[in-house]
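> Please find one structure pasted underneath; my questions will follow.
We did not get these values from a lab; they are worked out from the coordinates using the rules stated. Values in this document were obtained by computation on a predicted structure and should not be read as measured data. Note: ideal-geometry Cβ built from the backbone for every residue, glycine included; neighbour counts use all protein chains shown.
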């Protein structure tokens, strides 16, 4: 993938979080991603499943760039940024389904 294709594919991510441009061309980029699934019980979130996987830069970019899509279909997305060795970039994404019954959090550990 050329930088031009990268720029067109992840347009929202690069315009909202410009320092994520460092994700382009990182062949040895492996980040640990902790994914936690929750179900709504009453007014509380109850954890149902937890998994840890090693992710690539493409997976990271896809997760961050999907935020506006899920917001458009009615989901509630929250993104937290932090200073990392790659700059001030998103490290945490919380996604609540449009029905409000399921929640998935993804935390990237750089």
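> Pull up region 15-29, narrow it to residues that are over 13 Å from residue 57 (Cβ atoms) and out of contact with any strand residue (DSSP E or B) (no Cβ under 8 Å at 6 or more places or on another chain), then point me to the one that is surrounded by the most Cβ atoms within 10 Å (Cβ to Cβ). Quick ask: steps written out before the conclusion?
To start, the set of residues in region 15-29 that are over 13 Å from residue 57 (Cβ atoms) comprises 15-19.
If we keep only those that are out of contact with any strand residue (DSSP E or B) (no Cβ under 8 Å at 6 or more places or on another chain) too, we end up with 15-16, 18.
Values: 15: 9, 16: 15, 18: 12.
Once the filter is applied, the top-ranked residue is 16.
> Just wondering, is there one or more residues in region 60-68 that are surrounded by 11 or more Cβ atoms within 10 Å (Cβ to Cβ) and without any contact (Cβ under 8 Å) to a residue 40 or more places away in the chain? First the steps, then the outcome.
Quick first cut of region 60-68, residues surrounded by 11 or more Cβ atoms within 10 Å (Cβ to Cβ) only: 60-68.
Then keep just the ones that are without any contact (Cβ under 8 Å) to a residue 40 or more places away in the chain; that gives 62, 66.
The answer is yes; a qualifying residue exists.
> Hey, another quick one. If you check residue 87 against the conditions, is it surrounded by fewer than 16 Cβ atoms within 10 Å (Cβ to Cβ) and touching a helix residue (DSSP H, G or I) at 6+ places or on another chain (Cβ under 7 Å)? Outline the logic, then answer.
Working: surrounded by fewer than 16 Cβ atoms within 10 Å (Cβ to Cβ): yes; touching a helix residue (DSSP H, G or I) at 6+ places or on another chain (Cβ under 7 Å): yes.
Yes: the conditions hold for residue 87.
> Another question, then. Please tell me if residue 77 is touching a strand residue (DSSP E or B) at 6+ places or on another chain (Cβ under 7 Å), part of a strand (DSSP E or B) and under 28 Å from residue 4 (Cβ atoms). Outline the logic, then answer.
Working: touching a strand residue (DSSP E or B) at 6+ places or on another chain (Cβ under 7 Å): yes; part of a strand (DSSP E or B): yes; under 28 Å from residue 4 (Cβ atoms): yes.
Against the criterion (touching a strand residue (DSSP E or B) at 6+ places or on another chain (Cβ under 7 Å), part of a strand (DSSP E or B) and under 28 Å from residue 4 (Cβ atoms)), residue 77 qualifies.
> Follow-up. What's the number of the condition residue 32 fails, among (1) surrounded by fewer than 16 Cβ atoms within 10 Å (Cβ to Cβ); (2) outside any strand (DSSP E or B); (3) within 17 Å of the chain's Cα centre (by Cα)?
Only one criterion is unmet by residue 32, namely (2).
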